[in-house]
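One structure is given below, encoded as structure tokens.
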Amino acid sequence: MHTQHIKSFVNRRSHITQGQQEALDTWLKKWSLEYAPGLLDVPTAFGRVAPTILEIGFGMGETTEQIALARPGDNFLGVEVFNAGVGALLKRIEGSGLTNIRIIQHDAVEVLRDMVAPESLAGVHIYFPDPWPKTRHHKRRLIQPPLIALLASRMAPGSYIHCATDWEHYAMQM
């Protein structure tokens, strides 16, 4: 039963629809930034100077799209590793005519460490990260003291971090 659950979870996370794949093929170069060890030139990447919000793990991009639509004066840098989510957000960007989102498809810790300048972020969004509910797996949770220290070093004075989870124990840890 446990092995079947893991296979089902992996298949859901890795499944990509034809529309998502077409979005990747068509728009990835337009809206994404390559991971590279070296600080990101944010004004060049977005074509403007504006407060930059980092979203770690945007999933299918529904929330990212809605917030970017509501806050056109802010830049949103979304970091996600899964093709399906990146493809889904690319479709949303194009469908909504958004110009204030860029995507980096890479590990968020490496992006933060290598590409985000100290004291440069106006905010950070982390919505529903994997809860790793079993006690022996808690060490795998994204929200841990080393990540928070790294985030804090990249956040400008007066910036904010917004985390959300529906797992009570993880909320208490956060």
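Measuring how big the chain is from its alpha-carbon positions, Rg and Dmax come out at 16.3, 52 Å.
Springs between Cα atoms under 10 Å define the GNM used for the chain, and in it the highest mean-square fluctuation of Gly85, Gly97, Gly59 occurs at Gly97. Working from Cα pairs under 8 Å separated by at least six residues, relative contact order for the range 50-115 is 36 percent.
Between Ile101, Ile56, Ile161, the residue with the greatest mean-square fluctuation in the GNM of the chain (Cα pairs under 10 Å linked by springs) is Ile161. GNM remark for the chain: springs join alpha carbons under 10 Å apart, and the peak mean-square fluctuation among Val124, Val109, Val79 falls on Val109.
For the set Thr99, Thr63, the ranking by accessible area, highest first and with no ligand, DNA or RNA atoms included, is Thr99, Thr63 under a 1.4 Å probe. For the chain, adding -39500 (n - 2.57) for each run of n ≥ 4 DSSP H residues and dividing by the number of residues yields -13500 deg cm²/dmol at 222 nm. For the range 48-122, the set of trypsin sites (Lys or Arg not before Pro) satisfying both a DSSP loop assignment and a count of at most 14 other C-beta atoms within 10 Å is given as Arg48. For the pair Ile161 and Val109 in one chain, pulling the backbone fully straight at 0.36 nm per residue adds 17.2 nm over the alpha carbon distance. Between Ser96 and Thr17, the modelled labels are 1.6 nm apart [label points 7 Å from Cα along Cα→Cβ]. For the pair Ser120 and Met172, a Förster radius of 35 Å applied to the C-beta separation gives a FRET efficiency near 0.70, rounded to the nearest 0.05.
Label-to-label distance, Glu62 versus Glu34, with points set 7 angstrom from Cα along the beta-carbon direction: 3.5 nm. Cα centroids of the range 82-160 and the range 22-40: 15 Å apart. Each of Ala152 and Asp41 was given a label point 7 Å from its Cα along the Cα-to-Cβ line. The distance between the two points is 3.3 nm.
Toward the positive end of the charge dipole of the chain, with +1 on the Cβ of Lys and Arg and -1 on the Cβ of Asp and Glu, the farthest Cα among Pro146, Tyr160, Phe58 is that of Pro146. Principal semi-axes of the equivalent ellipsoid, √(5λ) from the alpha carbon gyration tensor of the range 80-170, are 23, 19, 13 Å from largest down.
The values are calculated or read from the model by the stated rules, or taken from the named source; none is laboratory data. These figures come from a predicted structure and were not determined experimentally. Reconstructed Cβ throughout: ideal geometry from the backbone, glycine too, with neighbour counts over all protein chains shown. All accessible areas refer to the heavy atoms of the entire protein, side chains included, with ligands and DNA or RNA removed. Shrake-Rupley method; radii C 1.70, N 1.55, O 1.52, S 1.80 Å.
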